[in-house]
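> First, the structure itself, so that you have it in front of you.
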Amino acid sequence: MLHQTIPPADAAAPQIIKRVTVMQGQALVSNDPETEFGTVLGSCVATCLFDAQARVGGMNHFLLPEPPSGHARHEVDVHYGVYLMEILINQMLAKGAAKARIRAHVYGGANLNPGMMQFGTANARFARSFLESEGIPVLREDMGGTQARRVEFRPVLGKVRCRSVEDRFIPVAQPAPRVAANRGDVELF
């Protein structure tokens, strides 16, 4: 965990910020005023939820909106937003948030490679639809486009900083090298 000293606006003493990276497939919640969640998004979406009165908030980071039809619905797969959204909301309620007071910020959903499926668009559409169906107002969003984003969220304050990541820092997808087919025996490990 990286610690950085940032002077608080209302005090002369420095404040230690605990930076926590939210990885793909995670939903984290905190009521610690010194915690800051951060993540980097391409086509994935991060939802930042907070309850200002309870001073609790959280962030998730999902890869895809919902499992394909035929997927066993009783199995929780944290790569899907449908599960991570529920996990995030339930963790916040367990820490004292009230659903009627929860507010949202949503980020990501870029389509980085024009020749590929539009996963980012599907993720953004899902996030908006889910929050609307749950009655959670979206205060700010930065979704879509073709650039990755870096998001930093102070859950207790509900404050977010979202910055575009320069293209030169995004790894370029390279086609897999073609390997000549071997017509010999196959050994399985």
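The values are calculated or read from the model by the stated rules, or taken from the named source; none is laboratory data. Since the structure is predicted, the reported quantities are computational estimates derived from the model, not experimental observations. No Cβ is skipped: glycine too gets one built from the backbone with ideal geometry, and neighbour counts run over all protein chains shown.
> Give me the pairs, please: first residue somewhere in the stretch 99-116 and of a type in the set (D, E, K, R), second residue anywhere and part of a loop (DSSP other than H, G, I, E, B) and surrounded by 15 or more Cβ atoms within 10 Å (Cβ to Cβ), beta-carbon distance under 9 Å, and either six or more positions apart or on two chains.
From residues that are of a type in the set (D, E, K, R), the pairs are 99/136; 101/54; 103/136; 103/158.
> Next up: In this structure, is residue 154 crowded, with 19+ Cβ neighbours inside 10 Å, within 12 Å of the chain's Cα centre (by Cα), under 19 Å from residue 41 (Cα atoms) and among the charged types (D, E, K, R)?
Criteria not met by residue 154.
> Please specify each residue of the stretch 79-106 satisfying the condition of being charged (D, E, K, R) and under 15 Å from the mean Cα position of the chain (by Cα).
Listed by number, the list holds a single entry, 86.
> Condition first: closer than 18 Å to residue 139 by Cβ and of a type in the set (Gly, Ala, Ser). Now tell me which residues in the stretch 19-62 satisfy that.
46, 52, 54, 57, 58
Here is a yes/no grid of residues against (1) touching an Asp or Glu at 6+ places or on another chain (Cβ under 9 Å); (2) modelled with pLDDT of 95 or more; (3) aliphatic (A, V, I, L, M); (4) surrounded by 10 or more Cβ atoms within 10 Å (Cβ to Cβ):
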position: 139; (1), (2), (3), (4): no, yes, yes, yes
position: 148; (1), (2), (3), (4): yes, no, yes, yes
position: 175; (1), (2), (3), (4): no, no, no, no
position: 183; (1), (2), (3), (4): no, no, no, no
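> Restricting attention to the stretch 110-135, which residues are of a type outside the set (S, T, N, Q), part of a loop (DSSP other than H, G, I, E, B) and surrounded by fewer than 20 Cβ atoms within 10 Å (Cβ to Cβ)?
Those that are of a type outside the set (S, T, N, Q), part of a loop (DSSP other than H, G, I, E, B) and surrounded by fewer than 20 Cβ atoms within 10 Å (Cβ to Cβ): 112, 114, 115, 116, 117, 135.
> Quick check: anything in the stretch 164-173 at pLDDT below 95, part of a strand (DSSP E or B), over 18 Å from residue 25 (Cα atoms) and not β-branched (Val, Ile, Thr)?
Yes.
> To continue, here is another question. If I filter the stretch 52-94 down to residues being aromatic (Phe, Trp, Tyr) and either in contact with a Pro (Cβ under 7 Å, 6 or more places away or on another chain) or not in a helix (DSSP H, G or I) (or both), which single residue comes out as modelled with the highest pLDDT?
In this case the residue turns out to be 62.
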